[in-house]
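Comments concern the structure below.
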Amino acid sequence: LLRCLPLIDEGNVTGALVLLRDISELRRRDRLLISMDATIREIHHRVKNNLQTVASLLRIQGRRLQSPEARDALDEAVRRVRAIAVVHDTLSQTLDGPVNFDDVADRLLAMMGELASADGTGSVPTRSGSFGMLPAALATPLSMVLTELVQNAIEHGLGDRSGARAGSVVVEARRLDGQVELVVLDDGVGLPHGFSVATSGGLGLE
């Protein structure tokens, strides 16, 4: 790195001061950081692709099963794997920095809306409010919580007493005093008689 400063005496340039600094090591480190950044992004991208491959294999396997319970279990696994893939796709762009969780939530809600349509439920989940920027370490667990709550609302909350499945699901996000509050609302039939979270063995409730 070269810097040249003129020496001026009574308005006349009488010489120059040349400063030289060897920054070879600094440039080498810069190139190393760029390479590491690209490597981490590529790892995230490959993890996301592998998760999508796992989800596809589970989906194919589910189509071959005769047991409705087994198919439902694989469908739930596919949904959870896809949710994690969505987060990894976001992390591959932001690395360890804060994540705009509104983008993640909207992608998850769109995905679950597609699944609901394929399942015969005329409901597209919507978001109200903003999650804002959240630490990357919280993105995956919060996305799993969001996915489970919305999916439970669609599968078990919507419908009327005749069995018809319709209604709306709204995700409310609120920021207060440095905390995030997540509320999932539906206008369906509500919980079945005698239901208890304490005695339910569903994975989604854990």
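The values are calculated or read from the model by the stated rules, or taken from the named source; none is laboratory data. Model, not experiment: these values are computed from the prediction. Cβ placement follows ideal geometry from the backbone for every residue including glycine, while neighbour counts extend to all protein chains displayed. To get the accessible areas, we keep the full protein, side chains included, count just its heavy atoms, and leave off ligands, DNA and RNA. Shrake-Rupley method; radii C 1.70, N 1.55, O 1.52, S 1.80 Å.
Odds and ends about this structure:
- Relative contact order [Cα under 8 Å, 6+ residues apart], the chain, whole percent: 14
- Between the C-alpha center of region 122-138 and that of region 57-92 there is a gap of 21 Å.
- Distance from region 174-195 to region 38-54 (C-alpha centre basis), Å: 33
- In the chain, the calculated helix contribution to ellipticity at 222 nm averages -18000 deg cm²/dmol per residue, counting -39,500 (n - 2.57) for every DSSP H run with n ≥ 4.
- Once the mean of 1/r is taken over each pair of separate Cα atoms and inverted, region 30-119 shows a Kirkwood hydrodynamic radius of 14.6 Å.
- Rounded accessible area per residue of the chain, 1.4 Å, Å²: 64
- Annotation: peptides 101-111, 81-91, 67-77, ranked by per-residue average of other Cβ atoms within 10 Å with the highest first, follow the order 81-91, 101-111, 67-77.
- Placing a pseudo-label 7 Å from each Cα along the Cα-to-Cβ vector at LEU33 and SER196 gives an inter-label distance of 5.8 nm.
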